[in-house]
Amino acid sequence: SKMFTPGTIYKSNGDVITDLPIVFISQRIKSQILTFNVKEELALKLSFQDVPREERQLKIEELVELYNIEDLMDRYTRNLSSGQQQLIIILANIIDATSNFIILLDEPLSLLDNVNSKLILALLNKVATRGDCIIIADPRSRRYTSLNPTIYNLERGKIGHHLESYDQIQKSEYPSSV
């Protein structure tokens, strides 16, 4: 999950966060599915890390219980809805997280209907309550109100000013990110 580690991230108390893995999830769902079924998809990253089969199975069982995905485990990835595929992609990328991590999502709801959007928002809420950092790049930040986000504008490729409310988004000349 250590895809890249540029920049410095600060906790709200000012402490610097270092050595946290950063997971990037693209909005292109189908290009991120690498196997034919859900069990294989969840196990793939761990098998690349030479995690023994028994340990992989235990991690998958923990993930299944924690995120309530028992009904997806025996399914083919191509037969899942877009929201279910997005859910599995996120879980497959965080399965090896033994401590906190940063998850960066590029418009995670852009291709999803309301039902699947709610599924992903519920997953992100669970991830956030674990204490992990979620960064979402999306010009439609109102979609994420249930996450109680802190909203910043990206201005010409740099983090701009903090927006206090969704009303300020309407008045801003730049698209915002959550």
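The values are calculated or read from the model by the stated rules, or taken from the named source; none is laboratory data. Being a predicted model, the structure only gives us computed values, none of them experimental. Don't worry about glycine lacking a Cβ; one is built from the backbone with ideal geometry, like all the others, and counts go over all protein chains shown. Protein only, heavy atoms only, side chains kept; ligands, DNA and RNA dropped before computing areas. Shrake-Rupley method; radii C 1.70, N 1.55, O 1.52, S 1.80 Å.
Name the single residue, out of those in the stretch 27-48 being at pLDDT below 90 and assigned to a loop (DSSP other than H, G, I, E, B), that is surrounded by the fewest Cβ atoms within 10 Å (Cβ to Cβ). Filtering first and then ranking leaves 28.
If you filter the stretch 128-162 down to residues that are among the charged types (D, E, K, R) and in a strand (DSSP E or B), you find that the one that is surrounded by the fewest Cβ atoms within 10 Å (Cβ to Cβ) is 158.
Matching residues to (1) outside any helix (DSSP H, G or I); (2) free of Cβ contacts under 8 Å to residues at least 24 places away in the same chain; (3) touching a Pro at 6+ places or on another chain (Cβ under 7 Å); (4) closer than 17 Å to residue 33 by Cα:
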position	(1), (2), (3), (4)
56	no, yes, no, no
71	no, yes, no, no
78	no, no, no, yes
89	no, no, no, yes
103	yes, no, no, no
112	yes, no, no, yes
122	no, yes, no, no
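With respect to (1) within 23 Å of residue 144 (Cα to Cα); (2) surrounded by 14 or more Cβ atoms within 10 Å (Cβ to Cβ), the lone exception for residue 75 is condition (1). Which residue pairs have Cβ atoms closer than 8 Å, lie 6 or more positions apart in sequence or on different chains, and pair a first residue in the stretch 21-50 that is touching a residue at least 40 places away in the same chain (Cβ under 8 Å) and under 20 Å from residue 68 (Cβ atoms) with a second residue that is open to solvent by less than 40 Å² (accessible area, probe 1.4 Å) and assigned to a loop (DSSP other than H, G, I, E, B)? Taking only residues 6 or more apart or on different chains, the pairs are 25/108; 38/69; 38/73; 38/80; 41/33; 41/35; 42/95. Within the stretch 71-89, the set of residues being touching a helix residue (DSSP H, G or I) at 6+ places or on another chain (Cβ under 6 Å) and charged (D, E, K, R) comprises 75 only.
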